[in-house]
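Data block below; observations after.
Just so you know, all these numbers are worked out from the coordinates, no wet-lab data involved. Here the structure is a predicted model, which means the values were calculated and not measured. Ideal geometry is used to build each Cβ from the backbone, glycine not excepted, and the neighbour counts take in all protein chains shown.
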Amino acid sequence: MTAHQLIARPVFPAETLERMAALYPAQAGLLHHHLPDHPLLSIEALAQLGESLPASEVEYNPGNVPIGIRPEEIPSNGLSIGETIRTIDTNGSWAVLKNIENVDAYRTLLMDLLGELEPVVTPRTGAMLTPQGFIFISSPGSITPFHFDPEHNILLQLRGTKVMNVWPAGDERFADRREHERYHAGGHRNLPWQDTYRGDAQQVPLGPGDAVLMPVMAPHFVANGDAPSISLSITWRSEWSYRESEAHAANAALRRMGLDPSMPPRWPSYAWFRSVGWRVARKLKLVS
């Protein structure tokens, strides 16, 4: 039986596509899905997937970390990735399997889901570039630390519950321009955390059948509920998201030259000059 045959009806209902059209690409918000129980997403299948992936495509650690933590301070959980996933109910861990699109069966699933979203996405941000998939497996009570990501993203909750805590993308109160520059110059995704941020969070509770739309570079952290959780994150890039990344990378280069560039506006037409300048500089090998 193929991945196509396992999904008998659209995963994203019409009302979800309408809701997404109202939110995308700038706002986070609750969506819904009809992804059925799928053999590729069972605990044993995920453990086997984790064991087959290169070490660079697997990340896992104890789940009881602070909301704000430096990546170099995250400890090991002392288990293998397979052991972590198979005993996720009791081992107090958090794991992510990255770039599942490099495995044929998972790529088919990912592209089927993204294909349902294309009529909403393409008129707003153009072609869906660089499709990628990530699977999160979390123990009860685990935390995904405060961070941001460069992709357009919909996270589908499959098992258990969690709360997505998200802040507005591009708001320097929560992620200073220097943090964007650091990340786009090759730094880690984790962000400095302050407890004063809590009052400005948009909280999106998620259970099985729920999903959340996450804007590009929106700061967020995730708090898992009291049961083990499995979530599937389907992501894509756009010309806009790449231009924004390049504008921040250009700012990082300008800052190394002693300048203090302003935060790039969020929309690509306004970041065009810095983006094109960055592409030309890279082509001429003026920056790395």
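What are the DSSP H helices in the chain that stretch 27 Å or more along their long axis, judged by alpha-carbon atoms, and whose average Kyte-Doolittle hydropathy comes to at least -1.0?
Values: long enough: 104-125 (29 Å, 0.05).
The qualifying helices are 104-125.
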Taking H as built 1.01 Å from N, whose amide H comes closer than 5 Å to the amide H of G29, not counting residues under 5 places away? L213
Taking the alpha-carbon set of the chain, what are its Rg and Dmax in Å? 19.0, 59
Relative contact order as a percentage, the range 63-152, C-alpha pairs under 8 Å and 6+ apart, gives 48 percent
Distance between the C-alpha centers of the range 190-266 and the range 42-89? Whole Å please. 21 Å
From the square roots a ≥ b ≥ c of the eigenvalues of the alpha-carbon gyration tensor of the range 117-222, which class results: rounded (a/c under 1.5), prolate (a/b over b/c), or oblate? oblate
Other-chain or far-sequence residues with amide H under 5 Å of S93's (modelled H): G63, S139
Modelled label-to-label distance, I43 and D260, 7 Å Cα→beta-carbon offset: nm? 5.4 nm
Computed for the range 3-237: size of charge dipole around the Cα centre, +1 on C-beta of each Lys and Arg, -1 on C-beta of each Asp and Glu, debye to nearest 20, value 260 debye
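Relative contact order for the chain: what is it in percent, counting Cα pairs under 8 Å that are at least 6 residues apart?
Values: 575 pairs, mean separation 66.6, N = 288.
Relative contact order of the chain: 23 percent.
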I need the phi-derived Karplus couplings for the range 159-165: 6.51 cos²θ - 1.76 cosθ + 1.60, θ = phi - 60°, integer Hz, Gly and Pro marked x. 8, x, 10, 7, 10, 8, 9
For the range 1-107, what's the relative contact order in percent, using C-alpha pairs closer than 8 Å and at least 6 residues apart? 25 percent
Whole-Hz ³J(HN,Hα) for each residue in the range 199-216, computed from phi via Karplus 6.51 cos²θ - 1.76 cosθ + 1.60 with θ = phi - 60°, x for glycine and proline: what do you get? x, 9, 6, 8, 9, 10, x, 10, x, x, x, 9, 8, 9, 8, 10, x, 4
Extreme residue, positive dipole direction of the chain, given options S93, S142, V58 (C-beta unit charges): V58
Along the dipole axis of the chain (charges at Cβ: +1 for Lys and Arg, -1 for Asp and Glu; origin at the Cα centre), the most positive-end residue among Y24, A211, A223 is Y24
Considering only V121, S238, S80, whose Cα is most displaced toward the positive end of the charge dipole of the chain, charges sitting on Cβ of Lys, Arg (+1) and Asp, Glu (-1)? S238
Between E151 and residues 5 or more places away or on another chain, which pairs have amide H atoms under 5 Å apart, with H built 1.01 Å from N, and which residues are they? M217
